[in-house]
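Participant: Please see the structure below; I have some questions.
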Amino acid sequence: MALEVYWGSGSPYAWRVLLGLEVKKIEYESNRLSFTDEDLKSDEYLAISPRGKVPAIRDGSVTVHESIAILCYLEDLKPEPILFGNDPAERSKIWCSIMEIMNYIEPNILDYARTIFYEELSDKKQIAIRARQAIENELTILNTSLKNKKYLASNNLSAADIILYPVIPFLSRAAMKENTEEVSGDLRAIDDNYLSIGAWCKRIESIPGFEKTYPPHWK
Ligand SMILES: N[C@@H](CCC(=O)N[C@@H](CS)C(=O)NCC(=O)O)C(=O)O
């Protein structure tokens, strides 16, 4: 039986897993869940993903939740093409990149997007602006590092690229929301303001099968 994937449209975490599956050319059965308690908090789904979050996978008797843990599982399931590195030096670079994403980039993007999507902006403008400034600093660092190499950790695509990429269109979407000009700044045109990041995004978007992973409700 094919590996089953539980995902939700627009979840950057779920998008990572869909991209990993395409890159590794692993066949899967797709289970798109809606962001309702009925889908995510059912007893059946909570047995797979204890917090009722996407993504999760089921492979026979094995279930895995947490996007990065799932990517590690896929790496063992089908090592080629290698996403977590071939040797200690490469692997440490990839994990360093992943930890930087998790520790410095993702929390600020979540703060920013959460404020824009779910809060009354007039109350939380300062939070959004502070998060935006931190994101801009991180994008500048990223942009500089991508001037000399094709992908985040080296000249080869790695798990770090797959983990970061979905967060960028998610961020752009938040920044493009109407009436957010004042708090969005450079984030309204990431491709133009951070050219190397824009070129890197295009590289990811040219991965065969990429279009299958694009959030359907964004099309
Ligand atoms: N750390 C988790 C985050 C998963 C997550 O937060 N998923 C969100 C969608 S973006 C979710 O399912 N939220 C629904 C909920 O919390 O009820 C991962 O990397 O997989």
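Participant: Using every pair of alpha-carbon atoms in the range 113-158, split the distances into 10 Å bins beginning at 0 and state the percent of pairs per bin, rounded to integers.
Facilitator: Reading the bins upward from 0: 25, 32, 23, 18, 2.
Participant: Only four residue types carry charge here, +1 at the Cβ of Lys and Arg and -1 at the Cβ of Asp and Glu. Report the dipole size of the chain about the Cα centre in Debye, rounded to the nearest 20.
Facilitator: Charge dipole of the chain: 480 debye, to the nearest 20.
Participant: Using the Kirkwood formula on the Cα atoms of the range 88-208, what hydrodynamic radius do you get, in angstrom to one decimal? Walk me through the numbers on the way to the answer.
Facilitator: Working: mean 1/r = 0.0677 Å⁻¹.
By the Kirkwood definition, the hydrodynamic radius is 14.8 Å.
Participant: Between A189 and Y104, what length comes free when the chain is fully extended (0.36 nm per residue of separation minus the Cα-Cα distance, one decimal in nm)? Working shown, then result.
Facilitator: Values: separation 85, 0.36 × 85 = 30.60 nm, distance 2.08 nm.
Length gained between A189 and Y104: 28.5 nm.
Participant: Label-point separation (nm) for I141 and F35, each offset 7 Å from Cα along Cα-to-Cβ?
Facilitator: 2.8
Participant: Carbon-plus-sulfur fraction of the accessible area of the chain, 1.4 Å probe, in percent?
Facilitator: Numbers: 5620 of 11170 Å².
For the chain, the apolar C and S fraction of the accessible surface comes to 50 percent.
Participant: So if I take the centroid of the Cα atoms in the range 1-62 and the same for the range 74-110, what is the distance between those two points in Å?
Facilitator: Measuring centre to centre over Cα atoms gives 20 Å.
Participant: A further question follows. If you average over every viewing direction, what projected area does the convex hull of the Cα atoms of the range 1-144 give, in nm²? Please report the intermediate quantities before stating the final value.
Facilitator: Working: hull surface 41.4 nm².
That works out to 10.4 nm², a quarter of the Cα hull's surface.
Participant: When the C-alpha atoms of the range 3-77 are aligned to their principal axes, what extent does each axis show, in angstrom, from largest down?
Facilitator: That gives 32, 27, 19 Å along the principal axes, largest extent first.
Participant: While we're here: When only the heavy atoms of the protein chains count and the probe is 1.4 Å, how do F210, F117 rank by accessible area, highest first?
Facilitator: Values: F210 20, F117 70 Å².
Heavy-atom accessible area, descending, gives F117, F210.
Participant: Would you mind getting the accessible area per residue of the chain, heavy atoms of the protein chains only, 1.4 Å probe, in Å²? It would help to have the intermediate numbers written out before the result.
Facilitator: Numbers: 11170 Å² over 219 residues.
Counting only protein heavy atoms, the per-residue value for the chain is 51 Å².
Participant: So what's the back-of-envelope 222 nm ellipticity for the chain, counting only DSSP H runs of four-plus at -39500 (n - 2.57) apiece and dividing by all residues, rounded to 500? Mind dumping the intermediate values first?
Facilitator: On the way: 13 runs with 121 residues, N = 219.
-16000 deg cm²/dmol, from helical runs alone.
The values are calculated or read from the model by the stated rules, or taken from the named source; none is laboratory data. Please read these numbers as outputs of a predicted model, since none were measured by experiment. Ideal geometry is used to build each Cβ from the backbone, glycine not excepted, and the neighbour counts take in all protein chains shown. Please note that ligands, DNA and RNA were not included when accessible areas were found on the heavy atoms of the full protein model with its side chains. Shrake-Rupley method; radii C 1.70, N 1.55, O 1.52, S 1.80 Å.
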